[in-house]
Amino acid sequence: MLVTSLDNGIKVVIDNTKYINSALIGILIKSGSIYEKKEILGISHFIEHMLFKGTTNRTNREIAEEIDFVGGQINAFTTKEHTCIYSKVPYKHINLAIDIIHDMLANSLFLDSDILKEKNIITEEIKMYKDLPDDLVFEIMSEIMFKDTPLSFPILGTEHTVNNINRNEIKKYYNNRYAAENIVISIAGNVDVENIIDQLNNKFISFTNSFLGQASENEVSSNHSNLVIKGEVKKTEQLNLCLGIPYCSTYSDDYFEGLLVNNYIGGSMSSILYQIIREDLGLAYEIESSVETYKDAGLLEIYVALDSKNAIDVLKIIKRELMNLYKDKVCDNHIEKYKEQLIGSYLLSIDNPFNKMYDNGKELLDIGSIENHDKIINNINKISEKSVSKFIDQYFSLNKIFISYVGNIKNKIKFEQKIQDVFY
């Protein structure tokens with residue numbers, strides 16, 4: 001793996017694998033909802049869309065066709081912390097992918113006519129996600145968990161903020177975020193490294209540094225209540241219910257302990273909650289826990305989709321098992337099994353060039369360095385009963401609990417009172 005910088009300071013990581021037939025380039029930019037002002041929420045995601053609308057050299061159709069006709073793929077996504085534009089092509093066409101992505105980043109037109117059309121498209125996208133209860137319940141969780149911090153901001157923005165975005169705001173935000181010091185280029189696959197570095201230097205020389213506003217500090221909600229509940233009543237067949245607790249961040253020293261405990265609780269089919277709630281009692285088809293981590297914060301989310309009549313019983317079971325975890329911890333025998341699970345999952349993930357590209361690029365963008373594979377596996381192997389117990393003591397006292405829900409609840413006040421009765 002090569003980690004270097006271009007002449008203008010843009011950081012580059014190349015994970016070269018000669019035995020595969022593909023190459024993948026991703027450009028990661030510190031452009032996400034945590035950097036936005038409330039008046040222009042969704043602008044990072046909006047710009048991501050606009051990059052595909054045409055440049056001074058290519059129409060939007062030509063961008064798509066040039067990649068399609070070599071059998072490749074080009075796409076992009078925006079998170080709360082960054083935007084990623086990427087392309088996967090047969091390795092002999094990597095220079096084409098570089099040229100097109102550079103063209104999109106450096107020469108996009110941002111025409112008023114395209115901006116107007118995209119407002120309609122993104123408004124429809126916002127409406128679509130509002131109609132998906134299993135997505136909406138997590139959006140509500142972020143809103144209450146990270147209240148009064150930028151991590152609570154919706155990535156897509158709102159219909160109001162999207163419709164108020166104009167070309168001047170787009171250009172101002174673009175010039176501020178899409179600067180050399182704020183960009184990482186990550187490549188994975190079968191490539192000629194020296195040729196790639198030369199081409200990147202020639203292409204991206206026009207990107208310079210500019211002042212970059214820093215994201216606000218992200219912490220858990222300052223709400224003094226020990227239990228925060230927020231839900232939305234919708235006509236759905238199932239109730240979508242999520243319990244969240246504050247958790248470790250992506251780069252904390254106990255990150256892998258956090259993954260292990262999550263898998264033990266509900267992150268796998270062998271987990272406690274899955275076995276009890278689904279397999280033993282049949283109270284829900286879908287029950288899982290997951291870890292959502294950011295550079296400076298994180299949360300553990302336990303999600304269940306079920307008949308609303310079973311919701312309170314399931315919350316009682318979840319509370320009981322979390323209290324048992326806090327009291328009894330995890331025995332060494334289970335820890336060894338879940339360490340092996342983590343290592344196996346990690347080794348499988350790095351077989352995928354996209355995962356290599358994205359993980360390498362995100363680390364380099366966030367912290368300026370990349371941990372090698374051996375060090376990651378060594379960190380997992382160092383997990384001990386003592387370190388897991390310390391982690392559980394820190395995060396599972398249940399002194400701060402967040403509940404979000406979306407579903408056809410007939411009496412919202414009564415339902416939320418029953419939830420409060422479960423926990424207090």
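Summary of computed values
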{"item": "Selection count where residues are of a type outside the set (Val, Ile, Thr) and surrounded by 21 or more Cβ atoms within 10 Å (Cβ to Cβ), scope region 151-172", "result": "4"}
{"item": "Helices (runs of 4 or more DSSP H) contained entirely in region 344-424, each with at least 3 residues that are without any contact (Cβ under 8 Å) to a residue 24 or more places away in the chain", "result": "353-367, 373-381, 412-423"}
{"item": "Sole residue being without any contact (Cβ under 8 Å) to a residue 60 or more places away in the chain, part of a helix (DSSP H, G or I) and of a type in the set (A, V, I, L, M), chosen from Leu116, Leu200", "result": "Leu116"}
{"item": "Test set (1) under 18 Å from Gly32 (Cα atoms); (2) crowded, with 20+ Cβ neighbours inside 10 Å; (3) touching a Lys or Arg at 6+ places or on another chain (Cβ under 9 Å) - Met141 fails condition number", "result": "(1)"}
{"item": "Residue check, Asp15 open to solvent by 60 Å² or more (accessible area, probe 1.4 Å) and acidic (Asp, Glu)", "result": "no"}
{"item": "Qualifying position, being in contact with a Leu (Cβ under 8 Å, 6 or more places away or on another chain), at pLDDT 95 or above and within 30 Å of Ser152 (Cβ to Cβ), among Lys88, Lys80", "result": "Lys80"}
{"item": "Filtered residue count, region 272-307, keeping only those that are open to solvent by 50 Å² or more (accessible area, probe 1.4 Å) and farther than 30 Å from Glu81 by Cβ", "result": "8"}
{"item": "For Val330: the one exception among (1) surrounded by fewer than 18 Cβ atoms within 10 Å (Cβ to Cβ); (2) farther than 30 Å from Glu181 by Cβ; (3) in contact (Cβ under 8 Å) with a residue 40 or more places away in the chain", "result": "(1)"}
{"item": "Condition check for Leu259: in contact with a Leu (Cβ under 7 Å, 6 or more places away or on another chain), more than 24 Å from Gln341 (Cβ to Cβ) and either free of Cβ contacts under 8 Å to residues at least 24 places away in the same chain or of a type outside the set (Val, Ile, Thr) (or both)", "result": "no"}
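Yes/no matrix, rows are residues, columns are (1) modelled with pLDDT of 95 or more; (2) open to solvent by 10 Å² or more (accessible area, probe 1.4 Å); (3) within 18 Å of Asn195 (Cβ to Cβ):
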| position | (1), (2), (3) |
| --- | --- |
| Ser5 | yes, yes, yes |
| Ser22 | yes, yes, yes |
| Gly32 | yes, no, no |
| Gly42 | yes, no, no |
| Met50 | yes, no, no |
| Glu62 | yes, yes, no |
| Glu66 | yes, yes, no |
| Ile74 | yes, yes, no |
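The values are calculated or read from the model by the stated rules, or taken from the named source; none is laboratory data. Keep in mind the model is a prediction, meaning the values are calculated, not measured. All Cβ positions, glycine included, derive from the backbone under ideal geometry; neighbour counts span all protein chains shown. Keep in mind that these areas ignore ligands, DNA and RNA; they rest on the heavy atoms of the full protein, side chains included. Shrake-Rupley method; radii C 1.70, N 1.55, O 1.52, S 1.80 Å.
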